[in-house]
1. Using C-alpha positions alone, give me the convex hull volume of the range 32-133 per residue in cubic angstrom.
2. What size of dipole, in debye to the nearest 20, comes out for the chain about its Cα centre when the only charges are +1 on Lys and Arg C-beta atoms and -1 on Asp and Glu C-beta atoms?
3. Sort Thr99, Thr164, Thr123 so that the residue with the fewest other Cβ atoms within 10 Å of its own Cβ comes first and the one with the most comes last.
4. Figure the gain on full extension for Trp97 and Asp48 (residue separation times 0.36 nm, minus the Cα-Cα span) and round it to one decimal in nm.
5. Restricting attention to the range 39-94, which chymotrypsin sites (Phe, Trp or Tyr not before Pro) occupy a DSSP loop and are surrounded by at most 14 other Cβ atoms within 10 Å?
6. Between the DSSP loop rule and a limit of at most 11 other Cβ atoms within 10 Å, which GluC sites (Glu not before Pro) in the range 52-123 are left?
7. For the range 101-172, what is the per residue volume of the convex hull drawn over the alpha-carbon atoms, in cubic angstrom?
8. What fraction of the Cα pairs in the chain, stated in percent, has a spacing above 25 angstrom?
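No lab work stands behind these numbers, since they all come straight from the coordinates. Everything numeric here is computed off the predicted structure, so don't read it as measured data. Every residue, glycine among them, receives a Cβ derived from its backbone with ideal geometry; neighbour counts consider all protein chains shown.
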Amino acid sequence: MADSLVIYYSRKGQNYFSGSIRSVSKGNTEYAAEYIASAVGADIFEVDTVRPYSEDYTECTEEAKREKKDSARPELKEYIPDVSQYRDVFVCGPCWWGTFPMAVFSQLDRLDLDGKKLIPVMTHEGSGLGSCESDLKRLYPGAIVGEGLAIRGGEAQSSERMITQWAKRAVGKD
Ligand SMILES: Cc1cc2nc3c(=O)[nH]c(=O)nc-3n(C[C@H](O)[C@H](O)[C@H](O)COP(=O)(O)O)c2cc1C
């Protein structure tokens, strides 16, 4: 039975890569989440919203800005009901206005995270981990927030080796 879980959100559709917009079928964070899961033998769960975000990059940034301002908790297609079997939970997502997309918190809010180690992983275009570590600490005070990993979005796909080594270290499996 796996003792680690990877929860991730990653957006398909238009994204910026070194200043130009390209449409992708797999988002940056999804690469990182999959590398982590295979590195440590974790179960993996994708957060997906009932109402899709706009395919259009700029519109999506506006939607995300509104959701952050409202501390929205958009409805998800599916939720993990319980994480009692896991010791470590990697929380992976893109940086959206400095923190995880609100949809990630839609899932986390439903879980009993007391005593769990939450390990943030954020792909970004310059903001690094933003406020995600302090947000996790504030919202889930019973959890232990481990040292996070920030990855440049466009480098996620080609960073399997680095991500694998980091993930093993993060859960003491190196
Ligand atoms: C709605 C939205 C907001 C974003 N806000 C930020 C930001 O505040 N800081 C940053 O460095 N990158 C920001 N980005 C860029 C993404 O964090 C980056 O491209 C990320 O790797 C996308 O991951 P994904 O492909 O897994 O969705 C934003 C992108 C979107 C779509």
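1. 111 Å³
2. It comes to approximately 320 debye.
3. Least crowded to most crowded, the residues run Thr164, Thr99, Thr123.
4. That pair, Trp97 and Asp48, stretches by 15.8 nm at full extension.
5. Numbers: sites: Phe45, Tyr53, Tyr57, Tyr79, Tyr86, Phe90; in loops: Tyr53, Tyr79, Tyr86.
Here the chymotrypsin sites (Phe, Trp or Tyr not before Pro) that fit, given the DSSP loop and packing criteria, are Tyr79.
6. Details: sites: Glu55, Glu59, Glu62, Glu63, Glu67, Glu75, Glu78; in loops: Glu55, Glu75, Glu78.
Counting only loop positions with at most 11 other Cβ atoms within 10 Å, the GluC sites (Glu not before Pro) in the range 52-123 are Glu75, Glu78.
7. Spread over its residues, the Cα hull of the range 101-172 gives 91 Å³ apiece.
8. That tail contains 26 percent of the Cα-Cα pairs.
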